[in-house]
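The structure appears below as structure tokens.
No lab work stands behind these numbers, since they all come straight from the coordinates. Keep in mind it's a predicted model, so treat the numbers as computed, not measured. Counting neighbours? That spans all protein chains shown, and the Cβs are built from the backbone with ideal geometry, glycine included.
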Amino acid sequence: MRNHLPAPMPYFSETSTFMVTVGTSGRQPIFSQPDRLNLVNSYLLHTADAYGWRLQAWAVMPNHYHFVALGPVSPANLRTMLVYLHSAVARDLNKMDGVSLRRVWDQITDRRLTNQHSYYAMIKYVNQNPARHGLVEQASQYQWSSAEWFEQHASPELQRMVELVDIGYLRVPDDF
């Protein structure tokens, strides 16, 4: 599906652009194996699309994930989308492990992005997150994120704007 995603947009909408961070229960690295990362990544891409959210950046790591997305005109379905996503992943993961009713997710944070600068900063932050956590040297090497997709599909203008933004000031809940 990654090859069929629309190119990231060089603009954002004040009413429906969000950054979402979700951690696993107890910060446990539940998704430390490729098949588990594939599970979350696939559900995230498909669910966002099904609910009308246009992913701009995402990164799925062993114990958390982030995404930046442009929502539909009314972003009221963000919570519904996350409930569906988390339920589906937990159900499939619990089935894989032969357990029932295990709590998989907690620590959900979402924030509406209110200006272009924040939008660029969050795209950069999310794309660089796997490298920041030491999972790879170059973010584009991490297959469960949008870094490589962004490099291949974002306009040169958007890539330049994202590259130039300073993210040192950001306060993102990411102590995973």
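For the chain, the longest principal axis of the Cα atoms and the long axis of helix 78-97 meet at an angle of about 40 degrees.
Amide H to amide H distances under 5 Å link H64 with T24, where only residues 5 or more positions off or on other chains count and H is placed in the peptide plane. Distance from the C-alpha centroid of the stretch 1-53 to that of the stretch 144-176: 15 Å, rounded to the whole angstrom.
Between the amide H of T17 and those of G71, L113, distances stay under 5 Å, these residues lying 5 or more places away or on another chain, with hydrogens modeled in the peptide plane. Each helix, a run of at least 4 DSSP H residues, gives -39500 (n - 2.57); summed and divided by the residues of the chain, these come to -13000 deg cm²/dmol at 222 nm. The computed Cα extents along the principal axes in Å for the structure shown corresponds, within (i) 49, 32, 30; (ii) 44, 38, 31; (iii) 48, 38, 31, to (iii).
Across S118, S74, S25, mean-square fluctuation computed from a Gaussian network of the chain (C-alpha pairs under 10 Å connected) peaks at S74.
Taking 0.36 nm per residue of sequence separation and removing the Cα-Cα distance, the Q143/S25 pair yields an extension gain of 40.2 nm.
Using the Cβ-Cβ distance between L101 and Q159 with R0 set to 41 Å, the FRET efficiency works out to roughly 0.40. For A57, nonlocal amide neighbours, meaning residues 5 or more places apart or on other chains whose placed amide H falls under 5 Å from its own, are V68. Using the Cα gyration tensor of the stretch 1-53, with a ≥ b ≥ c the square roots of its eigenvalues, what is the shape: rounded (a/c below 1.5), prolate (a/b larger than b/c) or oblate (neither)? Because a/c hits 1.5 or more and a/b fails to exceed b/c, the stretch 1-53 counts as oblate. Ranked for footprinting exposure by Cβ neighbours inside 10 Å, fewest first, F176, F150 give F176, F150.
Where does helix 116-132 land angle-wise versus the long Cα axis of the chain, in degrees 0 to 90, nearest 10? Once rounded, the angle reads 50 degrees. How far is helix 34-50 tilted, in degrees, relative to the longest principal axis of the Cα atoms in the chain, given as a value from 0 to 90 rounded to the nearest 10? Relative to the chain, helix 34-50 is tipped by roughly 60 degrees.
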